[in-house]
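So the structure is just underneath, and the comments pick up after that.
Where a number appears in this text, it was derived from the coordinates with a stated rule and is not lab data. As the structure is a prediction and not an experimental result, all values here were calculated from the model. FYI the Cβ positions are ideal-geometry reconstructions off the backbone, even for glycines, and counts take in every protein chain you see.
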Amino acid sequence: MQDPENLAVWKKAHQLTLDVYRTTDAPSFPRRWPLIDQIQKSVLSVESNLTEGATRDNDAEFVRFVRYALSSAFELRTQLLVAKDLGYTQIQDHQRHASLLEEIRKMLWSLLERLERSLGRRPDSG
């Protein structure tokens, strides 16, 4: 068990959560657009799953929650792309979010591989 706020990937995920919420709460973002809730849930899910996993008693549980965080990151990537393609987000906002999300995704894969090795498992490729 560890403090999730000590994880570099958690810090990045938290930064992305704040940035995405600020973007989707901006007056220029459509208020009645139903995907706004899903975008916010997905971005929050990344850091929430890291928090839950890091505070579990063993690495096997942590692995499970890192996988959930990774799944939420991929879901978020799709939702942000839809928002961009529909013209709901500015290109620079999308690029900033996508870049940080890609960095988080790579960090999650690295964390997952390290945890899998500590359990004596062969890590998946990411």
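Tabulated data for the structure shown
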item	result
The lone exception for residue 83 - which of (1) surrounded by 15 or more Cβ atoms within 10 Å (Cβ to Cβ); (2) under 16 Å from the mean Cα position of the chain (by Cα); (3) of a type outside the set (Val, Ile, Thr) it fails	(2)
Boolean, residue 91 is more than 30 Å from residue 122 (Cα to Cα), of a type in the set (A, V, I, L, M) and in contact with a Lys or Arg (Cβ under 8 Å, 6 or more places away or on another chain)	yes
Of residues in region 99-111 being closer than 17 Å to residue 76 by Cβ and in contact with a Gly (Cβ under 9 Å, 6 or more places away or on another chain), the one surrounded by the fewest Cβ atoms within 10 Å (Cβ to Cβ)	106
Filtered residues of region 1-31 (kept if part of a helix (DSSP H, G or I) and either hydroxyl-bearing (Ser, Thr, Tyr) or within 20 Å of residue 82 (Cβ to Cβ) (or both))	16, 17, 19, 20, 21, 22, 23, 24
Tally, over region 54-88, of residues that are touching a Lys or Arg at 6+ places or on another chain (Cβ under 7 Å) and farther than 18 Å from residue 17 by Cα	1
Any hit, region 21-41, residues being within 18 Å of residue 108 (Cβ to Cβ), touching a helix residue (DSSP H, G or I) at 6+ places or on another chain (Cβ under 6 Å) and not basic (Lys, Arg)	no
First in region 111-123 and free of Cβ contacts under 8 Å to residues at least 12 places away in the same chain, second anywhere and assigned to a loop (DSSP other than H, G, I, E, B), Cβ under 8 Å, 6 or more apart	117/123
Residue that is farthest from residue 6 (Cα to Cα), among those in region 32-88 that are of a type in the set (Phe, Trp, Tyr) and assigned to a helix (DSSP H, G or I)	74
Tally, over region 1-55, of residues that are in contact (Cβ under 8 Å) with a residue 12 or more places away in the chain, of a type in the set (D, E, K, R) and surrounded by fewer than 16 Cβ atoms within 10 Å (Cβ to Cβ)	2
